[in-house]
1. Expressed in nm to one decimal, what extension gain is obtained for the pair Ala55 and Ala15 from 0.36 nm per residue of sequence separation less their Cα-Cα distance?
2. So what's the net charge close to Asp60: Lys and Arg +1, Asp and Glu -1, counting the other residues with Cβ under 14 Å from its Cβ?
3. For Met1 and Leu39 in one chain, what is 0.36 nm times their gap in residues minus the Cα-Cα distance, to one decimal in nm?
Amino acid sequence: MKKIAFLITGAASLALAACGAGNEDAVNNAEMNQAAPELNDLSSDAANDAANAEAAALGDQQNQLEQEPADNATTPTDEQEQNVAGM
């Protein structure tokens, strides 16, 4: 039984030693996958364009709301005042 445990322990230590080699490939891949500065500039430009478009749309909406007549600006009729007084 001790021989089997010794054999399993030895095999596991050899397997771990083989896996622990240098990770030069992983380092090279990480350097290759870095975003180029041009892409960062393009994404910033796109975000700014979207923000400007949204601001323009909100400004148009505000202008439309300011030009619409307000429905609640009318004076209440006598019948409406009586209904409120009866509550």
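1. Numbers: separation 40, 0.36 × 40 = 14.40 nm, distance 6.04 nm.
Stretched out fully, the Ala55 to Ala15 stretch lengthens by 8.4 nm.
2. Working: positive: none; negative: Glu54, Glu66, Glu68.
The answer is -3.
3. Values: separation 38, 0.36 × 38 = 13.68 nm, distance 6.14 nm.
Separation in residues times 0.36 nm, less the Cα-Cα distance, equals 7.5 nm.
Readers should treat all values here as calculations from the given coordinates under stated rules, not as data from a laboratory. Since the model is a prediction, treat every value here as computed from it, not as a measurement. Ideal geometry is used to build each Cβ from the backbone, glycine not excepted, and the neighbour counts take in all protein chains shown.
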